[in-house]
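Colleague: Got a structure here, written out as structure tokens. Questions coming.
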Amino acid sequence: MKIAHSPSELERQPRAVAIGSFDGVHRGHRQVFDAAIESGLTPTAITFDPHPRIALGSEVGLITTVERRLELFADAGIEATIVTAFTPEVMALEPEEFAERYLRAIGAEAVIAGVDFRFGRRRSGDLDLLRRLGFEILEVPHVPGVSSSAIRRALHEGDVVTAASLLGRPYELDGTVVGGDQRGGTLGYPTANIELEPHLIAPAYGIYAGWAREHRAALSIGTNPHYGGTERRIEPFLLDFEGDLYGQRLVVEVWQRLRDEAVFASEEELVAQIGRDVEATRAAVRPGGGAGDGDREA
């Protein structure tokens with residue numbers, strides 16, 4: 001997939017363009033992309049970084065990093081994406097000017113959007129305006145119940161199975177492995193410590209089963225209350241894995257919530273519980289909503 005940061009970096013050619021933040025690249029977003037592909041024009045996306053609501057000062061728990069978002073665009077069949085910096089200058093563009101600079105300039109013939117699509121200064125542009133400007137509009141109905149907000153709510157509750165059903169694939173934690181307390185290694189279960197980007201959401205505190213680097217992963221999200229921790233840690237233990245992950249990007253699929261965090265009467269009881277968590281992780285089934293979402297072997 002061609003990644004551009006301004007319209008001038010893309011060749012002008014007949015395109016079907018989807019515009020939006022597309023946080024999570026969930027089932028509704030995939031439906032928009034499918035319509036762009038089925039149009040027969042070059043399927044193209046325009047997305048924003050930072051997220052417009054964050055740029056306007058709101059707190060938003062992002063479901064995907066920009067890097068992962070673009071990977072998912074490519075997986076969906078999008079052939080080119082403009083990652084637009086959501087600056088005050090872009091916010092101030094009248095919708096007609098946005099359409100000329102970002103759509104007409106790259107050869108857009110069709111715009112793919114939902115019926116409530118808005119764009120331009122103060123969200124004053126709509127589909128009728130685009131029609132008047134000569135663009136074909138391919139309206140895509142909303143998938144009932146599917147939205148980035150609904151996914152965030154499910155994650156806040158630790159309901160990663162519902163989140164997966166809305167996404168059409170398991171929710172993922174995407175970050176860099178950094179140094180930690182290295183306490184897991186002394187217990188026989190060495191974990192990676194993942195640092196997330198500041199705005200990225202994580203599920204409710206607890207112990208989860210998941211998958212990373214072709215290995216099942218038992219995952220702790222929380223403060224390690226048994227040891228009196230206060231800072232959030234995200235620590236996957238990759239089953240049957242040997243190697244050094246420090247400094248590397250790690251994407252962890254989160255499949256199933258196993259239990260709450262807990263304080264144990266002894267370290268022996270903690271180790272016994274981790275052993276049970278590992279066995280539960282071996283038995284976990286990958287959730288989702290699309291083809292190929294069955295159990296993975298590792």
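The values are calculated or read from the model by the stated rules, or taken from the named source; none is laboratory data. None of the values given here were measured: they were computed from a predicted structure. Note: ideal-geometry Cβ built from the backbone for every residue, glycine included; neighbour counts use all protein chains shown. To get the accessible areas, we keep the full protein, side chains included, count just its heavy atoms, and leave off ligands, DNA and RNA. Shrake-Rupley method; radii C 1.70, N 1.55, O 1.52, S 1.80 Å.
Colleague: How much length would be gained if the chain were fully extended between ARG53 and VAL251, taking 0.36 nm per residue of separation minus their Cα-Cα distance, in nm to one decimal?
Modeller: Extending this stretch completely gives an extra 68.8 nm.
Colleague: Right, next: Only Lys, Arg, Asp and Glu count, each charged at its Cβ (+1, +1, -1, -1), so figure out the dipole size of the chain about its Cα centre, rounded to 20 debye.
Modeller: 640 debye
Colleague: Next up: Can you pull the Kirkwood radius for region 220-276, inverse mean 1/r over Cα pairs, to one decimal in Å?
Modeller: 13.4 Å
Colleague: Can you classify region 1-108 as rounded, prolate or oblate using the Cα gyration tensor, where a ≥ b ≥ c are the square roots of its eigenvalues, rounded means a/c under 1.5, and otherwise it's prolate if a/b beats b/c and oblate if not?
Modeller: Because a/c hits 1.5 or more and a/b fails to exceed b/c, region 1-108 counts as oblate.
Colleague: Just from the alpha-carbon atoms, what are the Rg and Dmax of region 60-122 in angstroms?
Modeller: Every Cα atom of region 60-122 included, Rg and Dmax give 13.4, 34 Å.
Colleague: Relative to a virtual label point 7 Å from the Cα of GLU94 in the Cα→beta-carbon direction, which members of region 109-133 show backbone nitrogen distances below 16 Å?
Modeller: Those under the cut-off are 119-126, 129-130, 132-133.
Colleague: Taking the chain as a Gaussian network, where each spring joins two C-alpha atoms under 10 Å apart, which residue of ARG131, ARG286, ARG104 fluctuates the most?
Modeller: Top of the fluctuation ranking is ARG131.
Colleague: Further, regarding this structure: How large is ³J(HN,Hα), in whole Hz, for each residue of region 120-128 in order, when computed from phi with the Karplus curve 6.51 cos²θ - 1.76 cosθ + 1.60 and θ = phi - 60°, using x for Gly and Pro?
Modeller: x, 3, 6, 6, 8, x, 9, 5, 4
Colleague: Taking the solvent-accessible surface of protein heavy atoms with a 1.4 Å probe, what is the per residue accessible area of the chain in Å²?
Modeller: So the chain comes to 47 Å² accessible per residue, rounded to a whole number.
Colleague: Counting Lys and Arg as +1 and Asp and Glu as -1, what is the net charge of the other residues whose Cβ lies under 15 Å from the Cβ of THR87?
Modeller: Around THR87, the surrounding residues sum to 0.
Colleague: Here is a further query. May I ask which residue of ILE194, PHE135, SER165 lies farthest towards the positive end of the charge dipole of the chain, with charges of +1 (Lys, Arg) and -1 (Asp, Glu) on Cβ and the Cα centre as origin?
Modeller: Final value for the positive-end residue is PHE135.
Colleague: Could you state the orientation-averaged shadow area of the convex hull built on the Cα atoms of the chain, in nm² to one decimal?
Modeller: Mean shadow area of the hull around the Cα atoms is 16.1 nm².
Colleague: Also, I was wondering about something else. Check which residues have an amide H placed less than 5 Å from GLY158's amide H, if you skip close sequence neighbours.
Modeller: ALA204
Colleague: Show the residues, 5+ positions off or on another chain, whose built amide H is closer than 5 Å to the amide H of TYR171.
Modeller: Amide H to amide H, under 5 Å and 5 or more residues apart or across chains, TYR171 pairs with ALA164, VAL254.
Colleague: Another question, if that's okay. At 1.4 Å probe size, with the rest of the protein present, what percent of the exposed accessible area of region 28-176 is carbon and sulfur atoms?
Modeller: Roughly 49 percent of what the probe reaches on region 28-176 is carbon or sulfur.
Colleague: Something else about it: For labels at ASP128 and ARG153 in the simple 7 Å Cα→Cβ model, what's the distance in nm?
Modeller: Distance between label points: 3.0 nm.
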